[in-house]
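Asker: Handing you this structure, nothing more for now.
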Amino acid sequence: MGLPDSPLGSTNPRVIVALDFANPMHALGLADRLDPRHCALKVGKEMFVVAGPEPVRWMVARGFRVFLDLKFHDIPHTVAQACAAATRLGVWMLNVHAAGGSAMMDAAREAVDRTAAECGRPAPLLIAVTVLTSLADADIRELHISGDAAGHSLHLARLSAASRLDGVVCSAVEAPALRASLPVGFKLVTPGIRPAGSTADDQARIITPERAIANGADYLVVGRPITQASDPVAALARINASIGEAA
Ligand code: C5P
């Protein structure tokens, strides 16, 4: 899945634009204005349920790295089949819930690696969701999970690494603590990013792009600061410039 190697852009852009649109045509309209050297794209449940895999195929064909954010969580066989199908689509990154357990994550890893080899392409990054950031400590207690959200998140991140997953989704606020206790090269994918001066929207813990990178984030998931900007291309360029990426 080679991206063009150009002095005008990165072959490994750090920003992942979250295409959270009810109407897939709006998502594709924005994607059409973006450059795959400057960002990856995230497709989530809403668009996938409405439009299926076609928009993903279109983005992959345009040279975009696509993060398929469907957070699989089911019995190992079902998750493995879903991960194999996502790999066949040519996505660059996909995710599962670590709460599905080691057997489920092992099955996902095996399916992704085997399918990528069959397709003759590099395996996509397989990452885990640990504790949903919408869950507070009281919700964790309600689920009869011992410890607090941060401790449980670290436990699930370690379990993900033991199952040879490539990384986790986490808050960049937590990134330094996670970085310290996870293998070198384990990817930290961080939402909740807000450039200085922008609104928090419904995000509880926000952090600037610069701070997130300084904290050890590998990839920044950015939605509304780009998708709702009057000039999304310029908003992305400003974020890329702020983290030293080609804009
Ligand atoms: O618009 P905003 O930048 O807040 O979008 C962040 C994106 O990251 C959304 O697609 C949201 O669903 C996703 N996300 C998140 N927090 C998590 C996991 C995913 O905000 N813990």
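The values are calculated or read from the model by the stated rules, or taken from the named source; none is laboratory data. In this text the structure is predicted, and so the values were computed from the model without any measurement. Because the Cβ atoms are built from the backbone with ideal geometry, glycine has one as well, and the counts that use them run over all protein chains shown. Ligands, DNA and RNA are stripped out before the accessible areas are found, and what is left, the full protein with its side chains, is counted by its heavy atoms. Shrake-Rupley method; radii C 1.70, N 1.55, O 1.52, S 1.80 Å.
Asker: With the alpha-carbon atoms as the only input, what is the per residue convex hull volume for the stretch 133-247 in Å³?
Answerer: 113
Asker: Placing unit charges on C-beta atoms (Lys and Arg positive, Asp and Glu negative, everything else neutral), compute the dipole magnitude of the stretch 113-247 about its Cα centre in debye, rounded to 20.
Answerer: It works out to roughly 260 debye.
Asker: With every protein chain left in place, what is the accessible area per residue of the chain in square angstrom, probe 1.4 Å?
Answerer: 45
Asker: Okay, next question. So for the pair A196, A61, with labels modelled 7 Å out along Cα→Cβ, what separation do we get in nm?
Answerer: Reported label-point gap for A196 and A61 is 4.3 nm.
Asker: To continue, here is another question. Place a +1 charge on the Cβ of each Lys and Arg in the stretch 15-242 and a -1 charge on the Cβ of each Asp and Glu, then give the dipole magnitude about the Cα centre in debye, rounded to the nearest 20.
Answerer: Roughly 540 debye for the stretch 15-242.
Asker: Give a residue-ordered list of calculated ³J(HN,Hα) values for the stretch 134-148 (Karplus: 6.51 cos²θ - 1.76 cosθ + 1.60, θ = phi - 60°; whole Hz; x for Gly, Pro).
Answerer: After applying 6.51 cos²θ - 1.76 cosθ + 1.60, I find 7, 8, 8, 4, 5, 5, 5, 5, 4, 7, 6, 9, 7, x, 9 Hz.
Asker: Hey, can you grab everything whose amide H is under 5 Å from the amide H of L70? Only 5+ residues off in sequence or another chain; H modelled, so Pro and N-termini drop out.
Answerer: N95
Asker: Arrange the residues S10, S230 by how much accessible surface each exposes, largest first, with a 1.4 angstrom probe.
Answerer: The ordering from most to least exposed comes out as S230, S10.
Asker: Subtracting the Cα-Cα distance from 0.36 nm times the residue separation, let me have the gained length for S102 to A136 in nm, one decimal.
Answerer: 9.9 nm
Asker: Enumerate the amide H contacts of K42 below 5 Å, restricted to partners 5 or more residues apart or on another chain; note that Pro and chain-start residues carry no placed amide H.
Answerer: Sorted by chain and number, the residues that satisfy this are V17, A18, L19, F67.
Asker: Oh, and also: Any idea what Rg and Dmax come out to for the stretch 77-121 if you just take the C-alpha atoms, in Å?
Answerer: 9.9, 30
Asker: If you take all C-alpha pairs in the stretch 15-242, what percent of them are over 24 Å apart?
Answerer: More than 24 Å apart: 44 percent of the Cα pairs in the stretch 15-242.
Asker: Right, next: Using the per-residue mean of other Cβ atoms lying within 10 Å as a proxy for protection, in what order, highest first, do the peptides 63-76, 142-155 fall?
Answerer: So the order, starting with the most tightly packed, is 63-76, 142-155.
Asker: Place +1 on the Cβ of every Lys and Arg and -1 on the Cβ of every Asp and Glu in the stretch 15-242, take the dipole about the Cα centre, and give the residue among H73, P176, N240 whose Cα lies farthest towards its positive end.
Answerer: It is N240.
Asker: Follow-up question, since we're still on this one. Calculate how large, on average over all directions, the projected area of the Cα convex hull of the stretch 65-184 is; give the answer in nm² to one decimal.
Answerer: Averaged projected hull area, Cα only: 7.4 nm².
Asker: What is the local net charge at H38, summed over the other residues whose Cβ is closer than 12 Å to its Cβ (Lys, Arg +1; Asp, Glu -1)?
Answerer: +3
Asker: Of the heavy-atom accessible surface of the stretch 160-247 (probe 1.4 angstrom), what whole percent is carbon and sulfur?
Answerer: 54
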